[in-house]
Amino acid sequence: MNSLDLPKPPHETRVVVAMSGGVDSSVVAGLLKREGYDVVGVTLQLYDHGAATHRKGACCAGRDIHDARAVAETLGIPHYVLDYEDRFRESVIDRFAESYLSGETPIPCVECNRSVKFRDLLGLARDLGAEALATGHYVASRALPEGGRALYRALDPARDQSYFLYATTPEQLAYLRFPLGERPKDETRALARDLGLAVADKADSQDICFVPQGGYADVIAKLRPEAARPGEIVDLDGRRLGEHEGIIHYTVGQRRGLKLSVGEPLYVVRLEPETARVVVGPRAALATRRIRLADLNWLGSGAPEDVADRPVAVRVRSTREPRPARLSWNAAEACAEVELVVPEDGVSPGQACVIYADDGPRAQVLGGGTIRRIGALQAGAAEAA
């Protein structure tokens, strides 16, 4: 077996590398080329080339495409740029806007990986005769004794991207490779310099690539003008406290920007898109113990329908560490349910709930799903939910 767990010498193994133009994917291409693999670089142009040309920290557009091409030339590998703007707009940007209009807080990076990179790009890699698709993500993949592969948290906890890759299917995992999962970020930078890559000191991409300067509400309002529908800010009892200019400007757990003078700190507890109301309350009202998941992707052994009160760890935000929980299957609703051992604040519909085997630094990813909007998610206020 070679370094990619494939039964061929590297020079007989073609690998497609998804090159975003950043340092991570560039190093992956360089490492595999240095090991003797038949490397082909592919870059996806995902959104408006002109608008992103001068943006820093972007991805898959403008300067990044130029950088990916330059790296390929330095390494002496073939490189292709594919226009996926229409697919990206339909699968990611439009869904992003619709989710916000529904009072949710979506994660476009998860949808991009699920609907574009690991579906369409993977198919292209097969068409090119590749035996693997490699990316620059910081997540680990290992072969299982019984066959197939499993997903694990990366060696570098500060760079771990397993939260954004929970939707990768077992079939995709069998074909994907993540060479940086066992390396710290500073080593990646050093390797980029050693390989003579001009992107060695390039800044990392930002969280939402198609949203300039974090102005997601402006992007949504442009795509869906009706999104800026004004409404009321009310307390938990429905009493009017103020007005807002659109629920797209708010997320669950938000405190800043409410512009309310009521003598105590208030937080966004939930959003009600049907009535365009923003419901606020004290921090205690944010505590969530039970979560129902939609669109579960299961990577664990057995069937999720057979899971009953299983001890796991879950992550409800990308910036939080996995916390102890118990996982069960709700047969009546045909969905997975998570009960947190200790309630968490700011659990928001539309976000991902990623399930790990435990809360260890190299824990296996068992899957995850989208936090379903089932009315109030808060413990106590809606315990029956």
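Taking the longest Cα principal axis of the chain as reference, the axis of helix 63-75 is set at about 30 degrees.
The residues of the chain have, on average, 44 Å² of accessible surface per residue, using a 1.4 Å probe with all protein chains present.
In the chain, the DSSP beta bridges split such that about 70 percent are antiparallel, to the nearest 5.
For VAL280, the amide hydrogen comes within under 5 Å of the amide hydrogens of VAL234, ASP235, LEU236, VAL269, counting only partners 5 or more places away or on other chains and with H modelled in the peptide plane.
For LEU260 and THR169, compute 0.36 nm times the residue count separating them, minus their Cα-Cα distance, and round to one decimal in nm.
Values: separation 91, 0.36 × 91 = 32.76 nm, distance 4.50 nm.
Full-extension gain reported as 28.3 nm.
Dividing the mean sequence gap of close Cα pairs (under 8 Å, 6+ apart) by how many residues the chain holds gives a relative contact order of 15 percent.
Size estimate for region 122-199 follows the Kirkwood approach: the inverse of mean 1/r over distinct Cα pairs works out to 13.6 Å.
Residues in region 306-323 carry Karplus couplings, in order, of 8, 6, 9, 6, 7, x, 9, 10, 10, 10, 9, 8, 5, 8, 10, 7, x, 10 Hz; the curve used is 6.51 cos²θ - 1.76 cosθ + 1.60 with θ = phi - 60°, and Gly or Pro positions show x.
Taken as Cα centroids, region 168-239 and region 255-299 sit 23 Å apart, rounded to the nearest whole angstrom.
Using only helices, what value at 222 nm comes out for the chain when you add -39,500 (n - 2.57) per DSSP H run of length 4 or more and divide by the total residues, to the nearest 500 deg cm²/dmol? Working shown, then result.
Numbers: 10 runs with 74 residues, N = 385.
About -5000 deg cm²/dmol.
SER99 sits with roughly 20 Å² accessible to a 1.4 Å probe, with DNA, RNA and ligands left out of the calculation.
Peptides 358-368, 253-263, ordered by how many other C-beta atoms sit within 10 Å of their residues on average, highest first, read 358-368, 253-263. Here are several values of volume of the Cα convex hull per residue in Å³: (i) 189; (ii) 142; (iii) 151. Which one was derived from the coordinates shown? So the calculated entry is the one marked (ii).
Distant-in-sequence amide contacts of ASN2, defined by a placed amide H-H separation under 5 Å and a gap of 5 or more residues or a different chain, comprise LYS8. Axis of helix 185-194 versus longest Cα principal axis of the chain: the two differ by about 30°, to the nearest ten degrees. Each label point was placed 7 Å from the Cα along the Cα-to-Cβ direction; for ASP218 and GLU187 their separation is 4.1 nm. For the chain, the carbon plus sulfur part of the accessible surface works out to 48%, probe radius 1.4 Å.
Taking the square roots of 5 times each eigenvalue of the Cα gyration tensor of region 248-385, largest first, gives ellipsoid semi-axes of 29, 16, 13 Å. For region 100-151, the residue among LEU122, ALA140, GLY103 whose Cα projects farthest onto the positive side of the dipole built from Cβ charges is ALA140.
The values are calculated or read from the model by the stated rules, or taken from the named source; none is laboratory data. The structure presented is a predicted model; accordingly, all values stated were derived computationally and were not measured. With ideal geometry, Cβ positions are generated from the backbone for all residues, glycine too; neighbour counts draw on all protein chains shown. For the accessible areas, the whole protein counts, side chains as well, though only heavy atoms, and no ligand, DNA or RNA atoms are used. Shrake-Rupley method; radii C 1.70, N 1.55, O 1.52, S 1.80 Å.
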